[in-house]
Amino acid sequence: MMAEARSAVGPSVPLVGVIGSPIAHSLSPVLHQAAFAALGLDWRSLAFEVPAGEAAAALAGMGEHGIVGLSVTMPHKADVAALVPAQSDVSARLGAVNCVLNRDGALFGTNTDGEGFVASLLRGAGFSAAGRRCLVVGAGGAARAVVLALAESGASEVAVLNRTVARAVAVAELAGGAGRVIEPGAGDRATSRGRGPDLEEVVAQADLVVNATPVGMAGGTGDEGSTAAGSAGSTSTWIVPPELLHPGQVAADLVYVPRPTAWLAAAAEAGATTVDGLGMLVHQAAAQLALWTGLEPPVDAMWRAVADGE
Ligand code: NAP
């Protein structure tokens, strides 16, 4: 079926790709090629540098040249969600597409980030969110995917803590009745809804605590503005102090450079079971591969391709 998706001027072998900017250091082609090798498929994966605002041209090129699938990364996820003619319920709710499938010329978008995160928890910590209390720090695109996926997995509570409270409110709504907003500094001051819950209490009761901000990332900590707890780059920026964590909990960080982040290493010191962001990267890519090829993705081969010595 996919062979027919390629046009007469298309590549001689099935082609997939990743679009983003900057894209030079993307691990997606490495993951894709490892999967193709393990599956015995003569397919190719390429990284395309696509400047912000130019996703429409990339999608047009995908259709014209019969490119089978595109992985979509920063800064194009929202634009692609607005451009694809058809998409999954998940990407429509998130307003973000990270994967496009070319179905014989008809483009279909979806989002595998949340699915990848949930799979990474299972692989890395044997953790299932059903009936569990979760706390997600951050309210950007990644946090949205994580919060929706945790709620869809049956979490009893998905609390969201973010520097900008209005964004946390919007993200918590994705979790429906399980959603809850924790204000920075809650417990220290009164809120319009009365005194907020103490962060210490929320963390103590959580089964899962997730860092979905870029804080701790090598080469920068997101935008270097002021945070709820201090200036970026120092341990004081950890909105959830790792010493509040305890054995029996899972701490997950979406950041995977470095592995582990300082926060995750400190969480392990405190006794939590830790999961870094590489698993989400591998599993969201595996879910995309499954869509494009119709085959069971070779997750272990993909993992080995990006995790040195594991
Ligand atoms: P985003 O849309 O830009 O959102 C960033 C979030 O982090 C916002 O909630 C922002 O708060 C908060 N933030 C940024 N800098 C901060 C700081 N210095 N102190 C406190 N909060 C800060 O980014 P994103 O796409 O959600 O990505 C978040 C992280 O997840 C990135 O590191 C990204 O690389 C990683 N990620 C990993 C995977 C994976 O596969 N492992 C997938 C996707 C993303 P405000 O709302 O107040 O601005």
Worksheet item: Taking square-rooted eigenvalues a ≥ b ≥ c of the alpha carbon gyration tensor, is segment 74-176 rounded, prolate or oblate, where a/c under 1.5 means rounded and, failing that, a/b exceeding b/c means prolate?
Response: oblate
Discussion item. Under a Cβ-only charge scheme (Lys and Arg +1, Asp and Glu -1), can you give me the dipole magnitude of segment 1-117 about the Cα centre, in debye to the nearest 20?
Written reply: 60 debye
Discussion item. Please compute the contact order of the chain in relative form: average sequence separation of alpha-carbon pairs under 8 Å and at least six residues apart, divided by the residue count, as a percent.
Written reply: 16 percent
Worksheet, complete the sentence: Long-range amide H partners of Val136, meaning residues 5 or more apart or on another chain whose placed amide H is closer than 5 Å, are Ala159, Val160, Leu161, Val210
Worksheet, complete the sentence: Out of Ala267, Gly126, Ala57 - ranked by how far each Cα lies towards the positive end of the dipole of the chain, with unit charges on the beta-carbon of charged residues - the top one is Ala57
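Compute the Rg/Rh shape ratio of the chain: radius of gyration over Kirkwood radius, all on alpha-carbon atoms.
Rounded to two decimals, Rg over Rh is 0.99.
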Discussion item. Run the paramagnetic zone check for Ala52: 7 angstrom along Cα to Cβ, then residues of segment 118-151 with backbone nitrogen under 15 Å.
Written reply: 141
Discussion item. Counting only helical runs of four or more DSSP H residues, what would the 222 nm mean residue ellipticity of the chain come to if each run contributes -39,500 (n - 2.57) and the total is spread over all its residues?
Written reply: -10500 deg cm²/dmol
Fill in: Sites Arg123 and Gln205, calculated FRET efficiency, Cβ-Cβ separation with R0 30 Å, nearest 0.05
0.75
Fill in: Check: the chain dipole with +1 on Lys, Arg Cβ and -1 on Asp, Glu Cβ, in debye
340 debye
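All of the numbers you see were taken from the coordinates with simple rules; none came from a lab. These figures come from a predicted structure and were not determined experimentally. Cβ coordinates were reconstructed from backbone atoms using ideal geometry, including for glycine residues, and neighbour counts include every protein chain displayed.
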